[in-house]
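Okay, so here's the structure we're looking at.
Only the coordinates and a few stated rules stand behind these numbers; no lab work does. Just so we're clear, the structure is a prediction, and the values are computed from it rather than from any experiment. A quick note on method: Cβ atoms are made from the backbone with ideal geometry, for glycine too, and the neighbour counts reach across all protein chains shown.
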Amino acid sequence: MSRDRFPGPVAAYGRDMRDLAPRLPSSPGFWRSPLRGPWFTSVLGLVLLVGVTVLFLTGLLSYAAYNPDLSPVNDKTPDKGLLGFYLFAWPTDPAWLYRLTQGVHVTLGLTLIPVLLAKLWSVVPKLFALPPARSLAHALERVSLLLLVGGALFEFVTGVLNIQLEYLFPGSFYPLHFYGAWVFFAAFVAHAALKVPAAMRNVRRMRAGDGGGAGTGVGVGEERDGLVSPRPDAPTVSRRGALWAVGGGSLLLFATGAGRSFDGPLRATALLTPHGGAEPGSGPNGFQVNKTAAYAGVDAAETSEDAWRLVVVGRTGTVRLGRADLLRLPLHSAALPIACVEGWSTSDQWWRGVRLRDLAALVGFDGDPPDVLVESLQRRGAFRRGALRANQVADPRSLLALYVNGEALSPDHGYPARIIVPAAPGVLNTKWVARMTFGDLG
Ligand SMILES: Nc1nc2c(c(=O)[nH]1)N[C@H]1C(S)=C(S)[C@@H](COP(=O)(O)O)O[C@H]1N2
Ligand SMILES: [Mo]
């Protein structure tokens, strides 16, 4: 409904109504907070410019770390097409690589929640502004803003749900978060290209103290940008004070989240997130567990010495090994962390077992080992299979682990045998391994 279609008094009446009837959110007078203004929005926007860029890049790395182009088994987004253009063989060095990138991704995402909410709050009058579009360009800009805001909310909500409700989230987290990220980031880049110059100006003007400061938020001749209330309430807090409150919220989320990437006392500080707080147990197997044996439906009868056999398939045929057979092979040790996509990780555990490349050699791959498909005893669930790339198999620290920290694996950590690979996301460290197929990923 454009007022321009009603010339003369009708248009004037319509305009007056908007200004005089602040009950409607489309009326500028409806929004009364004296905090809103270009400076406040610009500071938050610049923080998000840096933060969201880091989130996007670490997200891309996390996606690459799954090696989705290696095998359909690893690929939750088979329709990605060009969006997989940058994929590369995820390295095994340094061993803490995924621990770092994914810890940053999740902890930063949590920390930015107050900033995102404050930024959206600061521009909410624009959401309701009328007319909906003044021109084609303006219409396109508003559609891109819907993608931006919708994409941001979608990415933060799916991310938080995945770490908080890991047992509830449907297997579709990966495609949702992946495609959502591209929509969000495309809109984000367009928005940043349009707004960053003005945002820098707004913030610099404040620093120079030429009247655009935290007190008024609007300098002489400065573009008000539709953000400053024409009839503001009396301030109860300064813009700077409000910014401190947002920062305090972020700090609180950081302080109650970051500890999930460490053990012991530091983990105990991570009160607001799963895999924070107290360690689940004590002793060699007392570190964090993702899915338990009970959850995975793996029971003691199938993992007993008598029942369990590891089936290794390769160029020269099939080999069946019981736990005693494996213990007769050369055993090696490696100090490696578990680092989950949910952002939590453990410090290095001391694993002991058979090198993956030695298992490859058993079935005819003596020189350079090939890729391997690993399958668990677990019969259902998204993570019962995983493919590892040749560079991961070749690393001498990559093990089929039988022991951890000097003790046999506990059922929850994958007894009788589990994969452990340096720098890989936790999900590729398959537990309760039953079958390994070298050189054929199916
Ligand atoms: N068979 C099987 N292996 C699995 C999983 C699973 O659900 N089933 N979860 C994976 C995930 S997501 C992680 S983070 C690690 C966690 O290992 P942990 O429970 O020993 O800490 O195991 C991985 N191995
Ligand atoms: Mo995980």
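What is the calculated FRET efficiency for residue 254 to residue 318, with r their C-beta to C-beta distance and R₀ = 60 Å, to the nearest 0.05?
0.75
What shape does the range 365-442 have by the C-alpha gyration tensor, where a ≥ b ≥ c are the square roots of the eigenvalues, rounded means a/c under 1.5, and otherwise prolate means a/b greater than b/c and oblate the rest?
Cα axes put the range 365-442 in the oblate bin.
Quick check on the chain: helices-only [θ] at 222 nm, where DSSP H runs of length 4 and up contribute -39,500 (n - 2.57) each and the sum goes over total residues. Nearest 500, please.
-14000 deg cm²/dmol
How high is the relative contact order of the range 291-401, in percent, with contacts defined as C-alpha pairs under 8 Å that are six or more residues apart?
Once normalised by length, the contact order is 25 percent.
Dipole of the range 340-442, Cα-centred, from +1 at each Lys and Arg C-beta and -1 at each Asp and Glu C-beta, to the nearest 20 debye?
300
Rounded to the nearest 0.05, what FRET efficiency do residue 200 and residue 50 have when you use their Cβ-Cβ distance and R0 = 22 Å?
Efficiency, from the Cβ-Cβ distance: 0.95.
Applying the Karplus parametrisation 6.51 cos²θ - 1.76 cosθ + 1.60 with θ = phi - 60° to the phi angles of the range 178-186, what ³J(HN,Hα) value in whole Hz is obtained for each residue in order, glycine and proline being reported as x?
Computed from phi, the couplings for the range 178-186 are 6, 5, x, 5, 5, 4, 4, 6, 4 Hz.
Explain nothing, just the number: dipole magnitude of the chain about its Cα centre with +1 on each Lys and Arg Cβ and -1 on each Asp and Glu Cβ, in debye rounded to the nearest 20.
1420
Got a sec? Which residues in the range 424-442 would a label at residue 309 touch, if it sits 7 Å along Cα→Cβ and we count backbone N under 14 Å?
Counting only backbone N, you get 434-436.
Would you mind pulling out the separation of the Cα centroids of the range 71-86 and the range 230-305, in Å?
Rounded to whole Å, the Cα centres lie 30 Å apart.
Cα gyration tensor of the range 47-106, axes a ≥ b ≥ c as square roots of the eigenvalues: rounded (a/c below 1.5), prolate (a/b > b/c) or oblate?
In terms of gyration-tensor shape, oblate.
Give the Debye-formula value of log10 I(q)/I(0) at each listed q (0.11, 0.14, 0.22 Å⁻¹), with one equal scatterer per alpha carbon of the range 332-409, two decimals each.
-0.33, -0.54, -1.19
Which one of 71, 282, 33 has the biggest mean-square fluctuation once the chain is modelled by GNM with Cα springs under 10 Å?
Checking each option, the largest mean-square fluctuation is seen for 282.
For a protection proxy built on the mean count of beta-carbon atoms within 10 angstrom, sort 130-143, 351-364 highest first, please.
351-364, 130-143
Taking the highest mean first, how do the peptides 323-329, 45-51, 108-114 order by number of other beta carbon atoms within 10 angstrom per residue?
With the highest mean Cβ count within 10 Å placed first, the list reads 108-114, 45-51, 323-329.
Who wins for biggest fluctuation among 69, 366, 412 in a Gaussian network model of the chain, springs between alpha carbons below 10 Å?
Looking only at 69, 366, 412, the biggest GNM fluctuation is shown by 366.
Averaging sequence separations of C-alpha pairs under 8 Å and six or more residues apart, then dividing by the length of the chain, give the relative contact order as a whole percent.
19
Based on the Cβ-Cβ distance of residue 329 and residue 145, what FRET efficiency does E = 1/(1 + (r/R0)^6) give at R0 = 51 Å, to the nearest 0.05?
Efficiency at R0 = 51 Å is approximately 0.25.
Shape verdict for the range 293-442, please, from the Cα gyration tensor: rounded (a/c under 1.5), prolate (a/b greater than b/c) or oblate.
Because its axes are fairly even, with a/c under 1.5, the range 293-442 counts as rounded.
What list of ³J(HN,Hα) values in whole Hz, one per residue of the range 44-54 in order, does the Karplus curve 6.51 cos²θ - 1.76 cosθ + 1.60 (θ = phi - 60°) give from phi, with Gly and Pro shown as x?
The phi angles translate into 4, x, 6, 4, 5, 4, 6, x, 5, 4, 5 Hz.
Sorted by packing (mean other beta-carbon atoms within 10 Å per residue), highest first, where do 88-98, 368-378, 189-199, 116-126 land?
368-378, 116-126, 88-98, 189-199
If I build a Gaussian network model for the chain, linking alpha-carbon pairs within less than 10 angstrom, which residue out of 248, 286, 317 has the largest mean-square fluctuation?
317
Which residue, chosen from 284, 106, 48, occupies the Cα position most advanced towards the positive end of the dipole of the chain, where the dipole is computed from +1 (Lys, Arg) and -1 (Asp, Glu) charges on Cβ about the Cα centre?
The residue sitting most towards the positive pole is 48.
If you take the Cα atoms of the chain, find Rg, then find the Kirkwood Rh from the mean of 1/r over all pairs, what is Rg/Rh?
Looking at the chain, the ratio lands at 1.11.
May I ask you to compute the full-extension gain from residue 32 to residue 93, defined as 0.36 nm times their residue separation minus their alpha-carbon distance, rounded to one decimal in nm?
Result: 16.6 nm gained on full extension.
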